[in-house]
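A short reminder: the numbers here are calculations on the coordinates, not readings from a lab. Just so you know, these numbers come straight off a predicted model, no measurement behind them. Backbone-built Cβ (ideal geometry, glycine too); neighbour counts: all protein chains shown.
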Ligand SMILES: [Fe+2]
């Protein structure tokens, strides 16, 4: 807990300084801990007698200019090995199975599928497998085909047992507990997902810092909402009226863009009719001009999406250096997905194309609640399990979609709706868009939620959502 205004006045007086009440109230916004106050006192010039708001702002600005530190923990950029042949897909799925099954084996004592035949008299049998087929029988039960490295088996989820409510997605790795009937049919009682522990707690920043999470700006499209984006830029420069607005903006050290910074070309049918800028490089140049208006002390991290100019198969490497040269020194390009660390807080960035697979596979999960699908990703410790769905998967040596390090924040975009929630200590943010409804979205009846900017306070992990009209 930080000091109140009177406590701050007293602490400064003990060091021979008077402090203006506005300056004291400004310090409360920075947390007003003993450490913060000591830092301010140590930074003061000896000539200062009365500490005013300008002194505090100058010190905090200086701190911000040197503080932001972007660590890239996982990223495919420059390490891609795949050419897309059959052997690579075999290795890719083996890697997925071996790493996720290891997580599940912490929870259940599973044996190989090939040994199932010897276990007909056992009370409970456990296996871990990758789901190769899901179907519904004429009686309303679910039938799964499940494989491990030793064999394949059929598993029945009976409609009158609770297990029928488990949502099973193709190509995901699950643990199955149940019994074998005399004729060798495996009846499931329980499904175990790799999941993260209930007790998981997120890390927080030691110093005041916030991150703006955004995505799907779609610069170059006629439906890019330029006026609202300009309002956002005014806000981040603390040029909009309102003390509360300015306070949130003053704490921002980072901005993460989870893909689709530009609209691109040829992404959906007749897109060219809706483009304002027809050249992708000019679209990036315009994007760079906007981002140059963001204060230099804010570190900007850009990950690509399906509208960006990088390979469409995922994981996608970072946007090329050729495009990168348009942008300022405070911009870092990373791949999709990628895991980064900002002020000690781990953020998993994924554009979110697979969210559409989750919407198809899980009843009740839709684009109106993208964060619900993101919780399903965490539960499965995998960002994109389905092969042959909406995501074209590049068979890299390792499965880059596996969530082995638990992030503090999972940030997605793609869906153009805002969804924010927590799942077992992980903050889930789908950050919406800066694009109005396109003709294509009208046909699909997709209603976007444009011009929202979620801001996560990295000290408290509280999320403020700002809206710019
Ligand atoms: Fe998008």
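In what sequence do 180, 26 fall when counting other Cβ within 10 Å, fewest first?
On the way: 180 19, 26 23.
Placing the least packed residue first, the sequence is 180, 26.
Could you tell me whether the chain comes out rounded, prolate or oblate from its Cα gyration tensor? Rule is a ≥ b ≥ c as square roots of the eigenvalues, rounded for a/c under 1.5, then prolate if a/b exceeds b/c, otherwise oblate.
Values: a/c = 2.44, a/b = 1.64, b/c = 1.49.
Prolate shape, in that a/c is at least 1.5 and a/b is the bigger ratio.
Once R0 is set to 51 Å, what does the formula 1/(1 + (r/R0)^6) return for the Cβ-Cβ distance between residue 50 and residue 360, expressed as a FRET efficiency to the nearest 0.05? Please list the in-between numbers first.
Working: r = 64 Å, r/R0 = 1.26.
Computed FRET efficiency for residue 50 and residue 360 comes out at 0.20.
State the three equivalent ellipsoid semi-axes of the range 107-192, derived from the C-alpha gyration tensor as the square roots of 5 times its eigenvalues, in descending order and whole Å.
Working: eigenvalues 64, 44, 29 Å².
Computed over the range 107-192, the values are 18, 15, 12 Å.
Given a cut-off of under 8 Å on Cα pairs at least six residues apart, what relative contact order in percent is computed for the range 107-192? The partial results should precede the final answer.
Working: 189 pairs, mean separation 27.1, N = 86.
It comes to 32 percent, rounded to a whole number.
Rounded to whole Å and ordered largest first, report the semi-axes of the equivalent ellipsoid of the range 180-325 derived from its Cα gyration tensor (root of 5λ). Mind dumping the intermediate values first?
Numbers: eigenvalues 283, 144, 41 Å².
The answer is 38, 27, 14 Å, longest axis first.
So, R0 is 45 Å and r is the distance between the beta-carbons of residue 289 and residue 179; what FRET efficiency does that work out to, to 0.05? Mind dumping the intermediate values first?
Numbers: r = 65 Å, r/R0 = 1.44.
Taking R0 as 45 Å, the efficiency between residue 289 and residue 179 is 0.10.
Mind ranking 143-151, 392-400 by how tightly packed they are, going by the mean number of other C-beta atoms within 10 angstrom, highest first?
Details: 143-151: 17.2, 392-400: 20.1.
With the highest mean Cβ count within 10 Å placed first, the list reads 392-400, 143-151.
Looking at the square roots a ≥ b ≥ c of the eigenvalues of the Cα gyration tensor of the range 5-64, which shape do they give, rounded for a/c under 1.5, prolate if a/b is larger than b/c, or oblate? Could you put the intermediate results ahead of the total?
Working: a/c = 1.34, a/b = 1.08, b/c = 1.23.
Rounded, because the longest to shortest axis ratio a/c is under 1.5.
Calculate how many DSSP beta bridges within the chain are antiparallel, expressed in % of all such bridges and rounded to the nearest 5. Could the numbers behind the result be given before it?
Numbers: 52 of 80 bridges.
Percentage antiparallel, nearest 5: 65.
Does anyone have the angle between helix 53-66 and the longest principal axis of the chain? Alpha-carbon axes, 0 to 90°, nearest 10?
Approximately 40 degrees, to the nearest 10.
Fewest first, what order do 121, 69, 171 take by the number of other Cβ atoms within 10 Å? Could the numbers behind the result be given before it?
Values: 121 8, 69 13, 171 19.
So the residues, fewest neighbours to most, are 121, 69, 171.
Could you order the peptides 423-430, 261-268, 412-419 from most to least packed, using the average number of other C-beta atoms within 10 Å per residue? The partial results should precede the final answer.
Values: 423-430: 22.9, 261-268: 20.0, 412-419: 26.1.
Answer by packing, highest mean first, reads 412-419, 423-430, 261-268.
Label points 7 Å out from Cα along the Cβ direction at residue 98 and residue 276: separation in nm?
Simple spin-label model gives 5.0 nm for this pair.
If contacts are Cα pairs under 8 angstrom and at least 6 residues apart, what is the relative contact order of the chain in percent?
Values: 1026 pairs, mean separation 79.6, N = 469.
The normalised contact order for the chain reaches 17 percent.
Taking the Cα atoms only, what angle lies between the long axis of helix 5-14 and the longest principal axis of the chain, rounded to 10 degrees?
60 degrees
Taking the Cβ of each residue in 133, 371, 436 as the centre, tally the other Cβ atoms inside 10 Å and list the residues starting with the fewest. Don't skip to the end; give the middle numbers.
Details: 133 14, 371 23, 436 17.
Listed from fewest to most nearby Cβ atoms, that is 133, 436, 371.
Output the 0 to 90 degree angle, nearest 10, between the alpha-carbon long axis of helix 86-105 and the longest principal axis computed from the alpha carbons of the chain.
So the helix axis and the longest Cα principal axis differ by about 80 degrees.
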